[in-house]
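Participant: Mind looking over this structure? Questions follow.
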Amino acid sequence: MSATLISTVISRIRNLVKGTTQDSFLTDYELYLLFKKYAALSMKRLDEKGKLLKFSSVFETLDYVELEEVDKVEADCIGIRSYSTFRRTKDTMPMFTEGYLGPMVNSITSLDGSSICQLVRNSDIYNYMVKQKNFRYNTTKYCWFLNDRLYFPNVDWPAVRIEGIFEEDISKWKCASYEDRCKPRQQQSINVPDFLMAEIESQVLRDLGIQLQLPQDIAQNNQNQLR
Amino acid sequence: MVTNTELRYRTLDELVDSIRIDLKAFSSDGNIEIQELIKIVQACNYELGLGITQTKETILEIEHNRAKLPNDFRFLNFALLCHQYRVVQPTPNSGNMTVEHIIPVPSPNLTTCPCWTVVNTQQQEVQTKYIDCSGMLQGLTVPAGATIKLCAASIENITQQGSSQGSGSTVGSCTTVVNNEPTPQEVIVTYFDGTISQVIVDPNSTTCYCAQSVSYPGAGDVTVSAVGECYSNTDTWCCSPSNILDISTSSFCYNDPETATFTCDIPQNCGCNTPAINSCDVVNADPWHQNKVYTICDNTIGIKVMQICSNECREYEYFSPVYMTPCRYASAFMNPERNSMNAPNQAMLKDGFMQFAINCGTVYINYQGLLEDDEGNLLVLDHPRINLYYEWALKKTVIENLYINGEPDLERRLQYVTTEYQKAKIAAITIANTPDLRVMKETMQMIRRNSAQRFSAPVSRFYGRFAGLSFVDRWANGRYAE
């Protein structure tokens, strides 16, 4: 299923509000922001019910996110006394769509997908775990977000693979060609399930109805100053 | 738990993956956190009891009077100090021939065989017998005036032969003088050398004299009577026989690592400062991680311990028992009367170490270990019915934690899971506590025996093997108890 482009969504809304001609009061960006606002709300509600992750079409994958080694001070793990190594993503991460329980990350794994990393809220959770006597039985790999980077304790992988729902374009984190990286924003896809489009558009229209009065079809075509 | 079958185990990860399959929704949300579940699994293992634990064995090196216990140590079954071991190595060229080396354990292992000091105060050599530390009867010749040290289980001492021959071939005997008077009385003693002396005997006392004759010239209540022979001890005579050899002991023997024999003196080559004879030391500093230790029969009635190192195999055949003392009874306060095992091979468990009185050595321990595999992964029992107990316990924990953290609409699910968990727990503990068939048979036989005894108690004075015994004996032994 091909992803819906942002321009497609904007033009659909313009058609609904009869704003297809040039309009100084109704810009593409305004429509896009309105759409994004209600899309985030709908997706969060769907995630709360646990149904969002079933739609794989909205997920995008960063196949190779390089890691670099850092010390425990940078990883915010000063309280850990035992010998531990820390790695973090070399570049800052793109913005994830916020879900009910935090960023919508489907999986963080090793490059071949064999080892899965568990995302925790912050480094404090990991610090508490490490201090437990029975932590030696825990073979799970953990990671957390800090200052837009992901931190990984005790992994020796050169890179990781991340799958999630991103708010912005992730072409520059991928091995994309120059043309793909410089694509206009309207030509990029929007990661919203198609079945939510109708609900989101109706909410956008309700919001826009406050700002403008929708004119009649023929009688007002040549007389309305908005056009 | 029944013992006529081998228990199977699976790792914690397998168990958690099993519940991830059941709780798909919670798993995809990341609500199943393994760190929260480890303590629940450990609690479940504890509830099922010692019957599911693994019996493990290993060999520990004693350094500076203590040996580090394994990380998975839980309860000690018994411990044995090891003496020399045999190494069997294949020759490099022809694979069929093997070379055996007897290598002593580099330690001055104390034994329970006492070290005796034998002093011969006679002017001639004395021959006696003793039982050596291995239980064999041996002969011993002690030169005149010599002092020797000997390792033996027991030594026979020779007592003086009685002789009434004095110097100059005078015949005499041992005479007792009993003075019943309240005042000292005087007696006349004629010794073997012809000396005649007047000796004062204390009032109300009894005195013995080894002399040719003793007489009382007075008229008081003094009794003079001959009681036996006199005994010679070098140049004196006495009434009581005395031992010819002066035998005493105050220490135990050591096992000489060079010759594997018993010696009173501590061997010079205590292994802590000498180069290691075995090459396993350089392989891995963690002996209980890589060494495989197991016991096998030695084709007789004995058992030997096999230790597989990386490049050789050792067989330990000679052991000494180790008596464990409770840690809270420190040696300085330990009451020796309470401790009937007054042996040098004592040890106690303290702070993760086994502490000994000896400086260095090797000890074999048989213990109940924690449920861990060789790689340190936590294990759970793999049984079709007991698996449900673990799984319901983990599911209950997952939903409980979500409920406590404020997740809505979980009460009914939690109630359902709790009910199922309780049912599974009862079934699992019943299975785990099922006794072995042998134990059940013995219990049944004991019950039948007791019932038969109670049934026949009223007539047991007339019939049965207790007939004819006195009433008191039967009453004391409770045969009429009902």
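Participant: Assuming A:Lys183 fulfils every condition listed in (1) in contact with a Leu (Cβ under 7 Å, 6 or more places away or on another chain); (2) not in a strand (DSSP E or B) apart from one, which condition is it?
Facilitator: Evaluating A:Lys183 over (1) in contact with a Leu (Cβ under 7 Å, 6 or more places away or on another chain); (2) not in a strand (DSSP E or B) leaves (1) as the failure.
Participant: Taking the range A:67-106 as the search range and keeping residues that are among the small types (Gly, Ala, Ser) and crowded, with 16+ Cβ neighbours inside 10 Å, which one is modelled with the lowest pLDDT?
Facilitator: Once the filter is applied, the top-ranked residue is A:Ala75.
Participant: When only residues in the range B:349-373 that are within 14 Å of chain A (Cβ to nearest Cβ) and assigned to a loop (DSSP other than H, G, I, E, B) count, which is surrounded by the fewest Cβ atoms within 10 Å (Cβ to Cβ)?
Facilitator: Within the range B:349-373, the match that is surrounded by the fewest Cβ atoms within 10 Å (Cβ to Cβ) is B:Gly352.
Participant: Are there strands (runs of 3 or more DSSP E) fully within the range A:42-150 with at least 3 residues that are within 14 Å of another protein chain (Cβ to nearest Cβ) and over 24 Å from B:Leu378 (Cα atoms)? List them.
Facilitator: The qualifying strands (runs of 3 or more DSSP E) are A:105-110.
Participant: Let me ask something else about it. Looking at (1) open to solvent by 40 Å² or more (accessible area, probe 1.4 Å); (2) of a type in the set (A, V, I, L, M, F, W, C); (3) in contact with a Pro (Cβ under 9 Å, 6 or more places away or on another chain), which one does B:Leu437 not meet, given that it meets all the others?
Facilitator: (3)
The values are calculated or read from the model by the stated rules, or taken from the named source; none is laboratory data. On a predicted model such as this, the values are computed, not experimentally measured, just so you know. As a convention, Cβ positions derive from the backbone with ideal geometry for all residues, glycine included, and neighbour counts pool all protein chains shown. Note: areas computed on protein heavy atoms with side chains; ligands, DNA, RNA excluded. Shrake-Rupley method; radii C 1.70, N 1.55, O 1.52, S 1.80 Å.
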